[in-house]
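Remarks on the structure that follows.
All of the numbers you see were taken from the coordinates with simple rules; none came from a lab. Here the structure is a predicted model, which is why all the values come from computation and not from measurement. Note that each Cβ is placed from the backbone with ideal geometry, even for glycine, and that neighbours are counted across all protein chains shown.
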Amino acid sequence: MALLPVADALARLLRGTAPLTGTETVGLHEAMGRVLSDDLKAQLTHPAFDNSAMDGYAGRHEDFAEIGAELAVIGESAAGRGFSGHVGPGQAVRIFTGAPVPAGADAVLIQEDADKLPDGRIRTTFAVGKGRHIRPKGQDFNTGDVVLRAGDTLDAGRLTVAAAMNHPQLPVFRRPKVAILATGDELLPPGSIPGPDQIIASNTYGVAAIARDNGALVIDLGIVRDDKAAIAAAVAEAQAAGADVLVTLGGASVGDHDLVQSTLVESGMVLDFWQIAMRPGKPLMVGSLHGMAVLGLPGNPVSSLVCALLFLEPLLRHLGSLPRRDRSGQARTVTALAANDKRQDYVRARLTRGGDGALRAETFSRQDSSMMQVFAQSDCLIIRPPHTPAVDAGALCDVMILRQPAV
């Protein structure tokens, strides 16, 4: 099977899936980052009454029209405790921000523009027009207005307005379920004491973090030994749990001990493709098992994480109706880069920002796909398309941003 270009592989992966249609209702505190499944109408009018935008005095604009007018202060209007009387000619009411504007008043004179007189009256020092410093009833929205739309991703601003619309709970699309399966006789969970031929399993935690960061619920199937029956049992567990995506870590190639692909095919998986023209991450597997998407990631930690960012992240955002996450950017290389071969290369690099504000990418000297420390220190991946010629230091290159530079 010929190596598939990265862009073609991603397009085929997304083309073979559709956004989830299941919905649920969640409370406001649980709704951050979720996607509305229905339009949201206001259940009340906001503001519910004309209110003051400033601390000052409410009165008739005719009485505030000339500097030096003297007015009798007949009461007070505070938030939650309005003035129940009526403001007549030559009168004013002390008012505070958010308080109801009393009947008869149509303007607010801010307190800085009023001199207090010894007898309790005020004298105006600034002319104020009709409606000044008053927030009219319904200025924000009215009962029945559609304020938020289906497909909106809920953030701080949208949650605030949803609460103001008097919605304690919100209808949202359900989150994708991702089952993660690590395979290998050599693997042990963190906290174990490895033997001479064993290593600590780490991929699960990074891939799970990427899944959660993109709105998914994670089902950890644990570590399964290199045994077809054990792998098949774990796959059945993922199906029983209703997983939308099964992510396998390692064992997807065709070596004597790589049993994942063959076990999945025997379980009914339709293999779409495997082996991508990229480095790191060539042995990537994509298929479908009875409606469950299957994404087989390489066993090497860095390869696994790079592939998760390139394929799992957009897949989950597609399934969850989340907007695409744009990691693209450009930076100038600090060092020269050699010519590339037929595979698209993702070169780990550290980002800095120059005095001109432009990003600069300094590659690490070692790029082995097993070196997790280098990946953890990387801020970006320099993207080197197939057959890209060598470039000198200072060349502008496309990058995939992992995190913004600290400085």
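For the modelled label position 7 Å from the Cα of Ser288 along Cα-to-Cβ, which residues of segment 266-281 have backbone nitrogen atoms closer than 11 Å?
Within reach of a label on Ser288: 270-272.
Could you give me the ³J(HN,Hα) list for segment 11-19, computed from phi with Karplus coefficients 6.51, -1.76, 1.60 and θ = phi - 60°, whole Hz, x at Gly and Pro?
Karplus-based 3J(HN,Hα) across segment 11-19 equals 4, 5, 4, 6, 5, x, 10, 9, x Hz.
Per residue of segment 133-141, in order, report the coupling 6.51 cos²θ - 1.76 cosθ + 1.60 (Karplus, θ = phi - 60°) as ³J(HN,Hα) in whole Hz, putting x for Gly and Pro.
Calculated HN-Hα couplings, in order: 6, 10, 8, x, 3, x, 4, 8, 6 Hz.
May I ask for the angle, rounded to the nearest 10°, between helix 228-240 and the longest principal axis of the chain, with both axes built from Cα atoms and the value confined to 0 to 90°?
Orientation of helix 228-240: about 20 degrees from the principal axis.
What does the charge count near Leu44 come to, summing +1 for each Lys or Arg and -1 for each Asp or Glu among other residues with Cβ under 14 Å from its Cβ?
0
State the Cα centre-to-centre distance between segment 220-299 and segment 74-94 in whole Å.
Taking the Cα centre of each part, segment 220-299 and segment 74-94 sit 72 Å apart.
What ranking do Thr333, Thr23 get, fewest neighbouring Cβ atoms within 10 angstrom at the top?
Thr23, Thr333
How about segment 1-91: which GluC sites (Glu not before Pro) there are in a DSSP loop, with at most 16 other Cβ atoms within 10 Å of their Cβ?
The qualifying sites are Glu62, Glu66.
Taking θ = phi - 60°, what integer Hz values does the Karplus form 6.51 cos²θ - 1.76 cosθ + 1.60 yield along segment 208-219, in sequence order, with x for Gly and Pro?
Each residue of segment 208-219 in turn: 4, 5, 5, 4, 5, 5, 10, x, 8, 8, 10, 10 Hz.
Any number yet on Rg/Rh for segment 328-401, C-alpha, Kirkwood?
0.95
For the chain, what's the relative contact order in percent, using C-alpha pairs closer than 8 Å and at least 6 residues apart?
15 percent
Excluding same-chain pairs closer than 8 in sequence, count the lysine pairs in the chain whose Cα atoms lie under 24 Å apart.
5
Given H placed 1.01 Å from N in the peptide plane, which residues other than close sequence neighbours of Ser321 have an amide H under 5 Å from its amide H?
Those qualifying (amide H under 5 Å, at least 5 residues apart or on another chain) are Leu20.
If you average the C-alpha positions of segment 307-370 and of segment 1-52 separately, how far apart do those two centres end up, in angstrom?
Their Cα centres are 26 Å away from one another.
Strictly greater than 29 Å: what percent of every Cα pair in the chain meets that?
Cα-Cα pairs in the chain separated by more than 29 Å: 61 percent.
So for Met278, Met32, Met54, fewest C-beta neighbours within 10 Å to most, what's the order?
Going from least to most buried by this count: Met32, Met54, Met278.
Around Met371, with a cut-off of 15 angstrom between Cβ atoms, what is the net charge of the other residues, counting Lys and Arg +1 and Asp and Glu -1?
The answer is +3.
Mind listing the long-range amide H neighbours of Ser77? Cut-off is under 5 Å, sequence gap 5 or more, other chains count too, H placed in the peptide plane at 1.01 Å from N.
Arg94, Ile95, Phe96
If you take every DSSP beta bridge whose two residues both sit in the chain, what share of them, in percent to the nearest 5, is antiparallel?
65 percent
Using modelled backbone amide H atoms (1.01 Å from N, in-plane), which distant-in-sequence or interchain residues come within less than 5 Å of Ala107's amide H?
Gly59, His61, Gly131
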